[in-house]
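Notes follow the structure.
The values are calculated or read from the model by the stated rules, or taken from the named source; none is laboratory data. Please read all numbers here as calculations on a predicted model, not as lab measurements. Cβ atoms come from the backbone with ideal geometry, glycine included; neighbour counts cover every protein chain shown.
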């Protein structure tokens, strides 16, 4: 069985939420993580921009720009066409 790459974020209600990282890629000079909920409660994909806080810490910001999320998702689909079924 393949090991999953899980990251836990704290939501706005201070509850932990686990995401599985499906892909990490660079786009326009920024690093993005393509994720979905690790509990499989949704098929929605979330795209987080990774911002370096300091040498040991990063901040993951849900990307709000629709053009960026679409471009990163299209790249993700191309990079992973053999790993996932896209509709």
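Tabulated data for the structure shown
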read-out: Long-range neighbours under 6 Å by Cβ, at least six apart or interchain, first residue free of Cβ contacts under 8 Å to residues at least 24 places away in the same chain within the stretch 68-81, second buried (at least 16 other Cβ atoms within 10 Å of the Cβ); value: 69/47; 69/63
read-out: From the options 66, 39, residue that is within 15 Å of the chain's Cα centre (by Cα) and modelled with pLDDT of 95 or more; value: 66
read-out: Complete set of residues in the stretch 31-47 that are within 13 Å of residue 69 (Cα to Cα) and in contact (Cβ under 8 Å) with a residue 24 or more places away in the chain; value: 32, 33, 34, 35, 45, 46, 47
read-out: Test: residue in the stretch 51-63 that is part of a loop (DSSP other than H, G, I, E, B) and closer than 17 Å to residue 5 by Cβ; value: no
read-out: Inter-residue pairs, beta-carbon under 8 Å, first free of Cβ contacts under 8 Å to residues at least 40 places away in the same chain and in the stretch 55-66, second assigned to a strand (DSSP E or B) and exposed (fewer than 10 other Cβ atoms within 10 Å of the Cβ), 6+ apart; value: 59/53
read-out: Lone unmet requirement of (1) in a loop (DSSP other than H, G, I, E, B); (2) farther than 14 Å from residue 7 by Cβ; (3) out of contact with any helix residue (DSSP H, G or I) (no Cβ under 9 Å at 6 or more places or on another chain) for residue 39; value: (2)
